[in-house]
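See below for the structure under consideration.
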Amino acid sequence: MRITKFGHACVRVEHGDTTVVVDPGVFTDPAALAGADAVLITHEHMDHFEESRLRAALEADPALRVWTNSTVAAQLEGVAQRVTAVGEGDAFELGGLGVSVHGEWHAVIHPDMPRVRNVGFLFDGRLFHPGDAFTVPPHAVDTLLLPLAAPWSKASEVVDYVREAGPRRAVPVHEAVLSPAGFAVHSRLVGPEGPGTGAELALLGDGESLELG
């Protein structure tokens, strides 16, 4: 399995002949969708879901399919036959790549703001993308795609999330809200210079890939 980071929360997952793109939002290069077999969307916020780009990709490739939560699925009228709504406990397969679904709600941004639905995706039992939540996967995974900074989190919670999830490796995502200096500070906190998470830290720049074996 190989992952490539494509801006903010978007990651491209390649497994055999199957290519899956997760959360191609407004901070993502549209090229991330080229050649994809499936698109997975964790929730409706624009940094994870950009409707016009996704519709353009679906129009360009009649074989492309989407898996997402029920709220996002309801927004994709006209292409509903190519969209599958999934939720906590569901599982499906994409070209030999097993995917299970975990979590139900976006993390709380502020008590006065309504929460939206959010699902995390576990690939092949070893790579987990939680979306915008600190959802703990059902077992310790090899690689956790770690939301590094967001309006709904603080640094201590990020550290504690890695500790609780217990991955072998953490790959920071969801960092477009940070300046370069802020990214350096947050990365140090979840790396060996911080209080310790028990996980190896792997930093990927946009377009950079990591082989998971």
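The values are calculated or read from the model by the stated rules, or taken from the named source; none is laboratory data. Model, not experiment: these values are computed from the prediction. Reconstructed Cβ throughout: ideal geometry from the backbone, glycine too, with neighbour counts over all protein chains shown. Surface areas here come from the heavy atoms of the whole protein model, side chains and all, with no ligands, DNA or RNA. Shrake-Rupley method; radii C 1.70, N 1.55, O 1.52, S 1.80 Å.
Based on what the data block shows, is residue 4 hydroxyl-bearing (Ser, Thr, Tyr), within 21 Å of residue 174 (Cα to Cα) and out of contact with any Gly (no Cβ under 9 Å at 6 or more places or on another chain)? First the steps, then the outcome.
On the way: hydroxyl-bearing (Ser, Thr, Tyr): yes; within 21 Å of residue 174 (Cα to Cα): yes; out of contact with any Gly (no Cβ under 9 Å at 6 or more places or on another chain): no.
In short, no.
Among the numbered conditions (1) open to solvent by 20 Å² or more (accessible area, probe 1.4 Å); (2) touching a residue at least 40 places away in the same chain (Cβ under 8 Å), tell me where residue 154 comes up short.
Of (1) open to solvent by 20 Å² or more (accessible area, probe 1.4 Å); (2) touching a residue at least 40 places away in the same chain (Cβ under 8 Å), only one is false for residue 154: (2).
Mind listing whichever residues of segment 122-156 are over 30 Å from residue 181 (Cα atoms) and of a type in the set (A, V, I, L, M, F, W, C)?
122, 123, 140, listed by residue number.
Residues in segment 26-52 that are over 16 Å from the mean Cα position of the chain (by Cα), modelled with pLDDT of 95 or more and under 26 Å from residue 178 (Cα atoms): how many?
Number of matching residues: 2.
Can you pull out every residue in segment 104-132 that is within 13 Å of the chain's Cα centre (by Cα) and free of Cβ contacts under 8 Å to residues at least 40 places away in the same chain? Steps first, answer last, please.
From segment 104-132, those within 13 Å of the chain's Cα centre (by Cα) are 106, 118-123, 127-132; that's our starting set.
122, 128 - these are the residues of segment 104-132 that are within 13 Å of the chain's Cα centre (by Cα) and free of Cβ contacts under 8 Å to residues at least 40 places away in the same chain.
Quick check on my filter: what residues within segment 187-213 are open to solvent by less than 70 Å² (accessible area, probe 1.4 Å) and at positive phi? Spell out the reasoning first.
If we filter segment 187-213 for residues that are open to solvent by less than 70 Å² (accessible area, probe 1.4 Å), which is where we start, we get 187, 189-191, 194, 196-197, 199, 201-202, 204-205, 207, 209-210, 212.
196, 207 - these are the residues of segment 187-213 that are open to solvent by less than 70 Å² (accessible area, probe 1.4 Å) and at positive phi.
Considering each residue of segment 59-79, count those that are open to solvent by less than 60 Å² (accessible area, probe 1.4 Å) and over 20 Å from the mean Cα position of the chain (by Cα), and give that number.
Counting residues in segment 59-79 that are open to solvent by less than 60 Å² (accessible area, probe 1.4 Å) and over 20 Å from the mean Cα position of the chain (by Cα) gives 2.
Quick check: anything in segment 87-108 in a helix (DSSP H, G or I) and open to solvent by 10 Å² or more (accessible area, probe 1.4 Å)? Full working, then the answer.
Let us first name the residues in segment 87-108 that are in a helix (DSSP H, G or I), namely none.
No.
Within segment 26-33, identify whether any single residue is surrounded by 15 or more Cβ atoms within 10 Å (Cβ to Cβ) and either in a strand (DSSP E or B) or basic (Lys, Arg) (or both), and answer yes or no.
No, segment 26-33 has no match at all.
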